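A short worksheet on the structure shown next.
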Amino acid sequence: MANLFSSREMTGYLTSQYQLRTVKDVQKDEAAIIEVLEAIRDNRLSNDLVLLNYYKELPISFGANIERVERGVADLAVHKLQAVSMLMQMMTFIKSEHLPYCVIAKVLKVKKAENIALLTQFSYVHIPSEQRMYVRVTVLDRIEAFFRCGQQEVRGTIDDISYGGVAILSSQESALAGNEKGMVTLCLPATSVEIPGILLRVDHQQQDRRYVIRLEMDPKSEKILSQFIFQEQIGILRELKDMC
């Protein structure tokens, strides 16, 4: 069977967010993964399966039970929030101590009424986002943000944010490149906050530029940001629940 994830055309997810791993070869690795799933189904191995998806950068992660494994397809009983996020991405990550690495699988179908997901095409992967120190969330509303460095200023809106950094989306061109210190102003709904920051890089997108900045937090700004991020997480989960 050809492996879906050798292609960069993947619905709802970018292959830049994971890296394929090969232990033996694609077919042998998939056979080894399926063997572990069958052993868990048959209670020869303990069920420690955890699924992982991302919705607006927020990790959605719940356990799952294997109902059936047949002809390279595994039927899993999953949490309803996991089912919705899997359906939107048409993939999921599988984690287990019985597997040498995290696994990515294509979602063939989700039976929403039963919260059953049919998975196939299993491959080992490395997920860079798993190494993040802080949870990152996509900001739901348009919230203005500025980055000032010397005489230069970038104006835009917050794309995503974590306790340790922020990405500002802007249509402005600037000479800023990276490793430049400045001040970040975030115009949050409750209050505006100024935080020292270091521009890490500028990602050029089709029409906008994405300025990725590491924030140098103090206790006051950390408290303000933690409250804001918590509210964003609640909003994202509410949006996901509404889709259930």
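Throughout, read-outs are computed from the coordinates displayed, never taken from laboratory work. The structure presented is a predicted model; accordingly, all values stated were derived computationally and were not measured. When we count neighbours, we look across all protein chains shown, and the Cβ atoms used for this are built from the backbone with ideal geometry, even at glycine.
The alpha-carbon of LYS241 sits under 18 angstrom from the alpha-carbons of these lysines, leaving out residues fewer than 8 places away in its chain: LYS56, LYS80, LYS111, LYS112.
The Cα trace of segment 4-130 gives Rg and Dmax of 13.3, 38 Å, the first to one decimal, the second as a whole number.
With semi-axes √(5λ) of the Cα gyration tensor in Å in mind, check (i) 34, 19, 17; (ii) 30, 22, 16; (iii) 39, 19, 15 and report the label derived from this structure. Computing semi-axes √(5λ) of the Cα gyration tensor in Å and matching it to (i) 34, 19, 17; (ii) 30, 22, 16; (iii) 39, 19, 15 gives (iii). Taking the chain as a Gaussian network of alpha-carbon nodes connected by springs under 10 Å, the highest mean-square fluctuation of the residues ALA31, ALA64, ALA77 belongs to ALA31.
Please give the contour-minus-distance gain from ARG155 to ALA77: 0.36 nm per residue of separation, less the Cα-Cα distance, rounded to one decimal in nm. Full extension from ARG155 to ALA77 adds 23.5 nm. Going by alpha carbons, how many degrees (0 to 90, nearest 10) lie between the helix axis of 26-41 and the longest principal axis of the chain? Approximately 70 degrees, to the nearest 10.
Can you compute the helix-only [θ] at 222 nm over the chain? Use -39500 (n - 2.57) per DSSP H run of at least 4 residues, normalise by all residues, nearest 500 deg cm²/dmol.
So the helix-based figure for the chain works out to -7000 deg cm²/dmol.
Computed extension gain for HIS98 through GLU35, at 0.36 nm per residue and net of the alpha carbon distance, reaches 21.6 nm.
Helix 80-89 versus the longest principal axis of the chain: what is the Cα-based angle in degrees, 0 to 90, to the nearest 10? Tilt of helix 80-89: around 80 degrees. The calculated FRET efficiency for GLN205 paired with ARG21, based on their beta-carbon distance and R0 = 45 Å, is about 0.95. Output the relative contact order of the chain, whole-number percent, from Cα pairs under 8 angstrom with separation of 6+ residues. Relative contact order for the chain comes out at 15 percent. When you filter the trypsin sites (Lys or Arg not before Pro) in segment 137-244 for DSSP loop state and at most 15 other Cβ atoms inside 10 Å of their Cβ, you are left with ARG142. Distance between the pseudo-spin-label points of HIS126 and ALA175 (7 Å out from Cα toward the beta carbon): 3.7 nm. Each Lys or Arg adds one and each Asp or Glu takes one away; over the other residues whose Cβ falls under 13 Å from the Cβ of VAL193, this sums to -3.
Could you work out how far helix 219-242 tilts from the main Cα principal axis of the chain, as a 0 to 90 degree angle to the nearest 10? Relative to the chain, helix 219-242 is tipped by roughly 40 degrees.
For segment 226-241 and segment 175-212, compute the distance between their C-alpha centroids and round to whole Å. Taking the Cα centre of segment 175-212 as reference, the centre of segment 226-241 is 22 Å away.
Let me know the longest stretch in the chain that avoids all GluC sites (Glu not before Pro) found in a DSSP loop with at most 10 other C-beta atoms within 10 Å. Formally, the longest exposed-site-free interval is 10-96.
For a footprinting-style exposure proxy, rank LYS106, LYS24 by other Cβ within 10 Å, fewest first.
LYS24, LYS106
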